[in-house]
Amino acid sequence: MTFKIWVGKRESDILTYKYFDISITFWGSNTNNNHSFCTTTRLKDNYGNAFSQYVLKYLLLYISKYKGLNFEIHFYNNLLAYKLINLEPSLKKYIVNINSQRIYNIVRHKTLSRVWLQNTVNVPQFAYLSKDECKYEKLLSKFPCHSKFIIQKSISGGGNGTYLVYAENWKDVICNLDKDDVFLVSPYYENNISLSCHLIIDNKKVTIFPVSKQLLRFEDNKLYYCGNKYLDNDNKLTISLKKVATTVGNKLMNIGYRGICGLDFIFSDSKLLLIEINPRYLGSSYLINAELKKQNLPSLFELNEMAFNDCINEDVAKRINIMETSYESHTCVYHNNLTNVLTEYPQNVCLFLDGLPNAFNYEDGVYLYRYLKESKTLLSNII
């Protein structure tokens, strides 16, 4: 018997497709074999020492308690896996579906990956600048014809570390930048469409999942992800994006990358531009799993395992490549001036609270819940 353990951000990441025996998550219900780090106080997610120690405690507890069983530990983001291996090297033999840390660091580094891929696909204009070089007048000089800019930490996710800068807010933003760091800076392309897709890469091919338009919100000078709506397969953007995604996936395959990842793009001025690679599951993975289950296809968890162990069945890959989904995903966060979000949930949706009823205190801007709903139509004509 193999005992499968999930370690990740949200319990809901694994609720749309049953696969795991145990889950250890930052947010969750603390029921049905879930262990949740956040209980009465709802904190913003992080992979800091407190959460790492919490996960480590439960992993060692289960391994010690059930010595006769085989264990597989799966991670939403292998960043935490590497941290735990450093804390407790004996865990390494139980952790599955993990790329080398060298490959992982190349792929997740926003600047390095963009430098690498700029000769293969279109990417935004960019520069690598220190805090002092990010002053507004210097950005205007660096990128003529633009008045807004994106400043990013080279390693960050979910909108943390990504700032939208313009004349009125640049001084506030620059105060949040570390003097001893260097940042990826690009012009902000007005009227752009933000897009994303999942890939799974095995040793022979790249399997592409449905393409989505990302829903974003601007808050505290940052752009945050807050959901997805999906395009149909006949959309020109879908066709173009899947071609580019296949090219990027093959480049990743050639350096030895295996398994799941996500690609983020923007479409602006009739060009599709690759923004970044996310070498992990995505915020929309639970939605993709819901669609896979509906279509009687293996889950992302199983497909990820197949990619590492051999390769995905050709017929399964073909079905996924033409798959569409009518689901859309939405995420709600807490605001001090919008307390009704804690009591007035959306109706006629598939709601995931991730332990919210257990909480009494909330950090401002913290994740509260998310939901799936059926779209009446796929997005077919957005350009």
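Does a label point 7 Å from the Cα of ILE85, set along Cα-to-beta-carbon, have any residues of the stretch 61-77 with amide nitrogen under 14 Å, and which are they? Once the point is set 7 Å along Cα→Cβ of ILE85, 73-75, 77 turn out to lie under 14 Å by backbone N, inside the stretch 61-77. Remark: the ASP178-VAL115 segment gains 20.5 nm on full extension, using 0.36 nm per residue and subtracting the alpha carbon distance.
No solvent, one uniform scatterer per C-alpha: report log10 I(q)/I(0) for the stretch 1-152 via the Debye equation at q = 0.20 1/Å, two decimals. Result of the Debye calculation: -1.19.
For the pair the stretch 1-80 / the stretch 144-211, the C-alpha centres are spaced 29 Å from each other.
Taking every protein chain into account, the accessible area of the stretch 150-245 amounts to 41 square angstrom per residue (probe 1.4 Å). Think of it as helices only: each DSSP H run of n ≥ 4 in the chain is worth -39500 (n - 2.57), and spread over all residues that comes to -8000 deg cm²/dmol at 222 nm. Applying both filters, DSSP loop and at most 12 other Cβ atoms within 10 Å, to the trypsin sites (Lys or Arg not before Pro) of the stretch 277-333 eliminates every site. Checking every one of the GluC sites (Glu not before Pro) in the stretch 110-196 against DSSP loop status and a limit of 15 other Cβ atoms within 10 Å picks out GLU168, GLU190. Residue separation of LYS204 and SER130 scaled by 0.36 nm, minus their Cα-Cα distance, works out to 22.6 nm of gained length. Full extension of the segment from ASN192 to HIS146, taken as 0.36 nm per residue of separation minus the current Cα-Cα distance, would add 15.2 nm.
Both radii are taken from the alpha-carbon atoms of the stretch 156-302; with Rh as the Kirkwood radius, Rg/Rh is 1.00. Per residue, the stretch 34-134 exposes 49 Å² of accessible surface when a 1.4 Å probe is rolled over the protein heavy atoms with every protein chain present.
Accessible surface area normalised per residue over the stretch 282-347 is 46 Å², counting heavy atoms of protein chains with a 1.4 Å rolling probe. A value for P(r) over Cα pairs in 20 Å bins from 0, in percent was derived from the coordinates, and within the list [x] 30, 62, 9; [y] 27, 61, 12, 0; [z] 24, 52, 21, 2 it appears as [y]. Note that the stretch 83-98 has calculated 3J(HN,Hα) couplings of 4, 5, 4, 5, 6, 9, x, 5, 6, 4, 5, 9, 7, 10, 6, 10 Hz, one per residue in order, obtained from phi through the Karplus relation 6.51 cos²θ - 1.76 cosθ + 1.60 (θ = phi - 60°); glycine and proline are x. Remark on the stretch 93-187: Rg and Dmax equal 15.3, 53 Å (Cα only). Entry for the stretch 261-370 at q = 0.13, 0.16, 0.22 Å⁻¹: log10 I(q)/I(0) = -0.73, -0.97, -1.22, Debye formula applied to identical alpha-carbon scatterers, no solvent contribution. Under the combined filter of DSSP loop state and at most 13 neighbouring Cβ atoms within 10 Å, the stretch 88-180 retains these trypsin sites (Lys or Arg not before Pro): LYS179. Here the Karplus relation 6.51 cos²θ - 1.76 cosθ + 1.60, evaluated at θ = phi - 60°, turns the backbone of the stretch 220-236 into coupling constants of 6, 6, 10, 9, 10, 6, 9, x, 9, 10, 9, 8, 7, 6, 8, 5, 4 Hz, with x for every Gly and Pro.
For the stretch 181-231, the spread of Cα positions along the three principal axes, ordered from largest to smallest, is 41, 31, 18 Å.
Residue ranges 320-332, 47-59 sort as 320-332, 47-59 when ordered by packing (mean number of other C-beta atoms within 10 Å per residue, highest first). Here the accessible area is traced with a 1.4 Å probe on the protein chains. For the chain, carbon and sulfur cover 48 percent of it.
The values are calculated or read from the model by the stated rules, or taken from the named source; none is laboratory data. Just so it is clear, the structure is predicted and the values come from calculations on it, not from any experiment. Glycine also receives a Cβ, built like all others from the backbone with ideal geometry; neighbour counts cover every protein chain displayed. Calculation scope for accessible area: heavy atoms of the full protein, side chains included, ligands and nucleic acids excluded. Shrake-Rupley method; radii C 1.70, N 1.55, O 1.52, S 1.80 Å.
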